[in-house]
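Working notes, beginning with the structure itself.
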Amino acid sequence: MRWTVAVAMVMSGVGFVLPSASSAAPSAVAAPSDATLACARSVVAAWSVEALSHEVVVVTTASTSTAIMREAAREGFGGVLLLGTVVPSDLVTTLHSLPSLSPGHRPVSVLTDDEGGGVVRIPALSGRWPWAQVMGATMTTAAITALATSVARRLVAAGITFDLAPVADVDGRAQYPGPANPDGFRSFSGQSAIAGADATAFALGLQAGGEGATLKHFPGLGGSTGNTDSGRAFTKPWSVLQRGDLLPFRLGVHAGVASVMMSNAIVPGLTTVPASLSASAVNALRALGFRGLIVTDALGAGAISASGFTPATAAVRAIAVGDDQVLGGQPSSPQQGLRTAQSLVAALVSAVAKHQLLLSRLRDAAAHVVASQNLRCQNG
């Protein structure tokens, strides 16, 4: 049953406050075609191991640290992830300038984490809108798509190219996310069909507005034993996930979502390590027919260290098992975020030299990043 709008606004903590944006419609985004992937593979074929390694690593930094963003582009990193809520006067100009600073003027993905409700990183740029659970309870799929398209146009105008949203987990608990429950209000519904329809609607809205969307957290964190940011957590058994929680991902993949984020939880019956570091979990996603970008959750999370991995060793394993893009985690400072990213690159380069990581796998991961940037290979 749909809740009333009044209840929805109380739960969201905010109303709809979306700043004006350019009326020009950016190009829609979708999962890459075979031709686009083939083009991307040709682009990276002659790249050095160092260039390939930089391409698959994202630098996490504060929205105020424009100098770090520029340095990340100059060093050849394939992406930057923005944290924080402050918009310095030179942020938008900096974001649009990043490709001109990168080696060969290559695209640089700019990521944010805007889901709605209490998870909107830079509201001054993207606006404010309700939690996913509130959207799911009060809005039609068409309205969700329209809202997401409006958000996307603002993000694209600001120079942000990928939103690490929406949450496709199935969780109907009316709770704020925290150590015991990573989802709660972040999930559209506790019913897999509704969660799937609404998450797909939000993803398609983002992509219609020119923003890459990211379904998360595969294969589903709803009902997990805890929050992977804090420590080790387990999902429902794989046999249970297959009967319901995979549906939102199936729907999103079928609709052409550009990216999927792996969870850092262990999946009983499928993995003995976090899903982001498991070939079985990645293969299960590809088995759904997904050909787009696979991104890790934060490799600095408690669930990763609790399983015996450092961010560097986790990055090597993630790329080796089939992930395409790695996120380091939430740094203590912008400089630390850059240093962490540099350490991930060094670990990948070393792993190829020591034959611990196949060059062909690293090259394929970089090709998926290039294909996701929807620029060089936009027309196949």
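Among Gln133, Gln330, Gln191, which one moves the most in a GNM of the chain with springs linking Cα atoms closer than 10 Å? Judging by the Gaussian network model, the answer is Gln191.
Please report the antiparallel percentage of the DSSP beta bridges confined to the chain, to the nearest 5.
On the way: 2 of 27 bridges.
Antiparallel: roughly 5 percent of the beta bridges in the chain.
Residues with beta-carbon under 12 Å from that of Ala174, excluding Ala174: net charge, scoring Lys, Arg +1 and Asp, Glu -1? Counting the neighbours of Ala174, the net charge comes to 0. Semi-axes of the equivalent ellipsoid of region 78-170 are 27, 13, 11 Å, computed as sqrt(5λ) over the eigenvalues of the C-alpha gyration tensor in descending order.
Across all directions, the average projected area of the convex hull around the alpha carbons of region 285-380 is 7.4 nm².
When the inverse distances between all different Cα atoms of region 165-205 are averaged and flipped, the Kirkwood radius reads 10.0 angstrom. Counting every C-alpha pair in region 34-103, the share spaced more than 17 angstrom apart comes to 48%.
Provide the convex hull volume over Cα atoms per residue for the chain, in Å³. Don't jump to the answer; show the numbers that get you there.
Working: hull volume 44.3 nm³, N = 380.
Roughly 116 Å³ of hull volume per residue.
When the chain is treated as a Gaussian network with alpha carbon springs shorter than 10 Å, the biggest mean-square fluctuation among Thr61, Thr112, Thr313 belongs to Thr313.
Quick check: at a probe of 1.4 Å, how many percent of the accessible area of region 101-178 sits on carbon and sulfur atoms? Walk me through the numbers on the way to the answer.
Working: 1210 of 2170 Å².
In region 101-178, the share of accessible area belonging to carbon and sulfur is 56 percent.
Applying the Kirkwood pairwise sum to the alpha-carbon positions of region 190-243 produces a hydrodynamic radius of 12.8 angstrom. Legend: calculated FRET efficiency, Ala279 to Arg339, from the Cβ-Cβ distance at R0 = 30 Å, rounded to 0.05, equals 0.55.
When N is the residue count of region 190-338, what does its C-alpha Rg come to as a fraction of 2.2 N^0.38 Å?
Working: Rg = 14.8 Å, N = 149, 2.2 N^0.38 = 14.7 Å.
The reported ratio for this selection is 1.00.
Find which of Pro248, Pro166, Leu206 sits farthest along the positive direction of the dipole of region 149-307, computed with +1 on the beta-carbon of Lys and Arg, -1 on that of Asp and Glu, about the Cα centre. Checking the options against the dipole of region 149-307, the answer is Pro248. Coordinate range of the alpha-carbon atoms in region 140-218 per principal axis, descending: 36, 26, 19 Å.
The values are calculated or read from the model by the stated rules, or taken from the named source; none is laboratory data. Quick caveat: nothing in here was measured; it's all calculated off a predicted structure. When we count neighbours, we look across all protein chains shown, and the Cβ atoms used for this are built from the backbone with ideal geometry, even at glycine. Ligands, DNA and RNA are excluded from the accessible area calculation, which covers all protein heavy atoms including side chains. Shrake-Rupley method; radii C 1.70, N 1.55, O 1.52, S 1.80 Å.
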